[in-house]
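Chemist: Dumping the structure here so I can ask a few things about it.
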Amino acid sequence: MADCGTIGINFRFMPVFPNNLSLRQLRAFDEVARQGAFAPAARELCITQSALSESIRQLEEALGMRLVDRTTRTVGLTSAGQAFLQDVRHAFDTLEQGVQHLSDLAALRRGKVRIAAAPSVLAVLLMPALPRLRAEHPGIEVDLIEDSAEGIALRVHSGQVDFGVGAAHPAGGELLTQPLVSDQMGLVAQADEPLLQAAQLHAADLAQLPFVGLTTDTAISQLLATAPGMPANVLHTPLRVSNPALLFDAVRQGLGVSLIPALTAQHPARGALGFRVLDTPQVVRRTLLIQRPRRALSPAAQLLCEALVAQVHTLSHQAGMLPD
């Protein structure tokens with residue numbers, strides 16, 4: 001004889017809902033109880049009285065209990081029927097709430113979207129899309145989570161977020177990616193920096209300037225580390241910060257210049273600092289939409305994704321932005 005434990009069956013969690021019990025039968029039972037007679041209940045359900053009676057009989061047979069006491073003119077519930085009616089109506093209420101919830105999600109009256117993205121993506125692409133979203137769909141909740149390329153991939157992979165926006169990373173494994181936007185690296189400096197006005201700007205021109213970098217876990221820092229011809233002060237800088245807002249503040253304080261992607265240059269924290277695309281080498285960053293494969297986005301998440309793409313189009317004319 002097979003040992004149930006050896007095949008992984010735990011009967012405590014097996015459903016007890018009979019296979020031959022239907023929602024139609026439960027609806028018939030509820031209406032009979034509401035009307036107190038078969039004839040008006042049948043009219044309300046738009047079925048014949050004999051069909052209604054048969055539904056109740058099948059329900060009682062499936063449950064192994066008599067639920068109604070039949071008389072010539074009226075129908076009363078047995079004690080078991082009265083107890084069961086409360087459970088049936090509670091189940092109907094729960095089911096109705098579930099259907100309404102799905103209806104609200106489909107109609108974008110409610111929903112929650114979680115997005116993990118690089119700091120510049122959050123500030124430049126997602127935040128500008130939120131005022132219109134809030135005005136048109138006030139019931140949608142949005143969580144925006146700033147993270148590194150590795151963190152974004154891990155959050156998407158684990159299902160913590162609906163989708164991610166950032167650079168490709170090996171931690172993503174089999175995640176589904178599609179291009180969102182590409183942009184070139186360029187110099188960010190105080191507005192009076194002469195190199196901003198140079199006819200040609202080469203990475204070698206930065207060799208004698210103090211440089212502020214991003215921490216090595218960022219996709220931007222990793223991209224610069226693999227770019228050809230980068231001077232030593234760019235690769236080994238005495239000051240590194242973890243996000244664009246801090247980097248802009250460091251440049252503003254006179255601590256050095258930096259190299260950032262064109263999309264990051266649109267960050268509101270840049271303020272009056274100047275930006276100039278690097279001519280050589282041409283260093284291109286590719287930003288991707290990142291999703292779990294075979295998982296459709298919810299209507300609310302799809303709406304945010306479309307708003308993100310629309311915002312990319314509004315910035316396509318800016319210096320250093322490349323079509324994908």
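Chemist: Has segment 61-75 got any residue that is touching a Lys or Arg at 6+ places or on another chain (Cβ under 6 Å) and either surrounded by 14 or more Cβ atoms within 10 Å (Cβ to Cβ) or among the small types (Gly, Ala, Ser) (or both)? Reasoning before the result, please.
Modeler: Here is the first cut: in segment 61-75, the ones touching a Lys or Arg at 6+ places or on another chain (Cβ under 6 Å) are none.
Within segment 61-75, not a single residue is touching a Lys or Arg at 6+ places or on another chain (Cβ under 6 Å) and either surrounded by 14 or more Cβ atoms within 10 Å (Cβ to Cβ) or among the small types (Gly, Ala, Ser) (or both).
Chemist: Output the qualifying pairs, or none if there are none: Cβ atoms under 7 angstrom, residues six or more apart or on different chains, first residue in segment 75-96 and closer than 16 Å to LEU59 by Cα, second residue β-branched (Val, Ile, Thr) and assigned to a helix (DSSP H, G or I).
Modeler: Every condition considered, the pairs that remain are VAL75/VAL32.
Chemist: Criterion first (in contact with a helix residue (DSSP H, G or I) (Cβ under 7 Å, 6 or more places away or on another chain), closer than 15 Å to LEU206 by Cα and crowded, with 17+ Cβ neighbours inside 10 Å) does VAL241 satisfy it?
Modeler: no
Chemist: Does ARG34 satisfy being among the charged types (D, E, K, R), without any contact (Cβ under 8 Å) to a residue 12 or more places away in the chain and over 18 Å from VAL88 (Cα atoms)?
Modeler: no
Chemist: Quickly run through segment 263-296 and pick out the residues that are buried (at least 17 other Cβ atoms within 10 Å of the Cβ) and hydrophobic (A, V, I, L, M, F, W, C).
Modeler: Scanning segment 263-296 gives LEU263, ALA265, ALA269, LEU273, PHE275, VAL277, LEU278, VAL283, LEU288, LEU289, ILE290.
Chemist: Within segment 275-319, track down each residue that is under 18 Å from the mean Cα position of the chain (by Cα) and among the basic types (Lys, Arg).
Modeler: ARG292, ARG294, ARG295
Chemist: For VAL88, state whether it is surrounded by 14 or more Cβ atoms within 10 Å (Cβ to Cβ) and at pLDDT 90 or above.
Modeler: For VAL88, the condition - surrounded by 14 or more Cβ atoms within 10 Å (Cβ to Cβ) and at pLDDT 90 or above - is not met.
Chemist: Looking only at segment 223-243, which residues are under 22 Å from ASP279 (Cβ atoms) and not small (Gly, Ala, Ser)?
Modeler: We begin by selecting, within segment 223-243, every residue under 22 Å from ASP279 (Cβ atoms); these are 223-235, 237.
LEU223, LEU224, THR226, PRO228, MET230, PRO231, ASN233, VAL234, LEU235, THR237 - these are the residues of segment 223-243 that are under 22 Å from ASP279 (Cβ atoms) and not small (Gly, Ala, Ser).
For (1) in the same structural domain as ALA149 (by TED's automatic domain parsing); (2) within 24 Å of GLU150 (Cβ to Cβ); (3) of a type in the set (Gly, Ala, Ser); (4) crowded, with 19+ Cβ neighbours inside 10 Å, each residue gets a yes or a no:
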residue: LEU187; (1), (2), (3), (4): no, no, no, yes
residue: ALA191; (1), (2), (3), (4): no, no, yes, no
residue: PRO210; (1), (2), (3), (4): no, no, no, no
residue: THR215; (1), (2), (3), (4): no, yes, no, no
residue: ALA225; (1), (2), (3), (4): no, yes, yes, no
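Chemist: How many residues does segment 228-254 contain that are modelled with pLDDT of 95 or more, part of a loop (DSSP other than H, G, I, E, B) and either small (Gly, Ala, Ser) or under 19 Å from GLN266 (Cβ atoms) (or both)?
Modeler: So the answer is 1.
Chemist: Being touching a Phe, Trp or Tyr at 6+ places or on another chain (Cβ under 6 Å) and of a type in the set (A, V, I, L, M): is that true of LEU77 here?
Modeler: no
Chemist: Being among the hydroxyl-bearing types (Ser, Thr, Tyr) and farther than 20 Å from ARG295 by Cβ is the filter; apply it to segment 112-164 and report the residue that is surrounded by the fewest Cβ atoms within 10 Å (Cβ to Cβ).
Modeler: Ranking the qualifying residues of segment 112-164, first place goes to SER148.
Chemist: Could you pull out every one of the strands (runs of 3 or more DSSP E) wholly within segment 146-227 that has 1 or more residues that are polar (S, T, N, Q), at pLDDT 95 or above and out of contact with any helix residue (DSSP H, G or I) (no Cβ under 7 Å at 6 or more places or on another chain)?
Modeler: Of the strands (runs of 3 or more DSSP E) lying wholly inside segment 146-227, those with at least 1 residues that are polar (S, T, N, Q), at pLDDT 95 or above and out of contact with any helix residue (DSSP H, G or I) (no Cβ under 7 Å at 6 or more places or on another chain) span 176-189.
Chemist: Can you tell me how many residues in segment 93-119 are in a helix (DSSP H, G or I) and at pLDDT 90 or above?
Modeler: Looking only at that region, the number is 1.
Chemist: Taking GLN311, is it closer than 15 Å to VAL124 by Cβ and in contact with a helix residue (DSSP H, G or I) (Cβ under 6 Å, 6 or more places away or on another chain)?
Modeler: Details: closer than 15 Å to VAL124 by Cβ: yes; in contact with a helix residue (DSSP H, G or I) (Cβ under 6 Å, 6 or more places away or on another chain): yes.
So GLN311 fits the description; yes.
The values are calculated or read from the model by the stated rules, or taken from the named source; none is laboratory data. None of these values were measured; they are calculated from a predicted model. Positions of Cβ are generated from backbone atoms using ideal geometry, with glycine treated the same way; all protein chains shown enter the neighbour counts.
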